[in-house]
Amino acid sequence: MPNGRGSLECCYCVHWRGESHGYDGAYDAGFCDYHKVAIPSTLADWGHRVCSDFSPSQHFENDSGISVEERFSRFGISLKPSMLYVFSYNSPNEIKEFVELKRKA
């Protein structure tokens, strides 16, 4: 998994809408079609983003050598619904809450 390729990240989710998909969209701002909210960029600190509703795209299947379940188990916590988390791909146990995924009225 050099440079986080194949890690959990919004750009690898079937709900991701952005300029690029797969690892090319990592860290970029985009839109979550599941939660219907904008997803902020993490280019400033290279944080990977994920929520409990992550559903792997074909890009994830192509780039990841291990299952989604195994990757989620590395966090050591259960992710809260409607919360977007951020973590460094090489330190998944340091995952932290990033933004709440709420539609704006």
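Taken together, the values in this text are just the output of simple stated rules run on the coordinates, not laboratory data. The model shown is predicted, which means the values in this text are computed figures rather than measured ones. Reconstructed Cβ throughout: ideal geometry from the backbone, glycine too, with neighbour counts over all protein chains shown.
State which residue is surrounded by the fewest Cβ atoms within 10 Å (Cβ to Cβ) when the search covers only segment 80-105 and only residues that are in contact with a His (Cβ under 8 Å, 6 or more places away or on another chain) and either outside any loop (DSSP other than H, G, I, E, B) or free of Cβ contacts under 8 Å to residues at least 24 places away in the same chain (or both).
Here the answer is 88.
Kindly indicate the residue of segment 13-68 that is among the charged types (D, E, K, R) and within 18 Å of residue 85 (Cβ to Cβ) and also surrounded by the fewest Cβ atoms within 10 Å (Cβ to Cβ) among those meeting that condition.
Among those residues, the one meeting the criterion is 45.
Consider segment 19-41. How many of its residues are in contact with a strand residue (DSSP E or B) (Cβ under 6 Å, 6 or more places away or on another chain) and in contact (Cβ under 8 Å) with a residue 24 or more places away in the chain?
Total meeting the criteria: 2.
Answer yes or no: is there a residue in segment 72-79 that is within 19 Å of residue 4 (Cβ to Cβ), without any contact (Cβ under 8 Å) to a residue 24 or more places away in the chain, surrounded by 15 or more Cβ atoms within 10 Å (Cβ to Cβ) and of a type outside the set (D, E, K, R).
yes
Of the residues 82, 67, which single one is touching a Leu at 6+ places or on another chain (Cβ under 7 Å) and of a type in the set (Gly, Ala, Ser)?
Result: 82 is the single residue among 82, 67 that is touching a Leu at 6+ places or on another chain (Cβ under 7 Å) and of a type in the set (Gly, Ala, Ser).
Take residue 6 and decide whether it is small (Gly, Ala, Ser) and touching a Gly at 6+ places or on another chain (Cβ under 7 Å).
Considered against the rule, which asks whether it is small (Gly, Ala, Ser) and touching a Gly at 6+ places or on another chain (Cβ under 7 Å), residue 6 comes out as yes.
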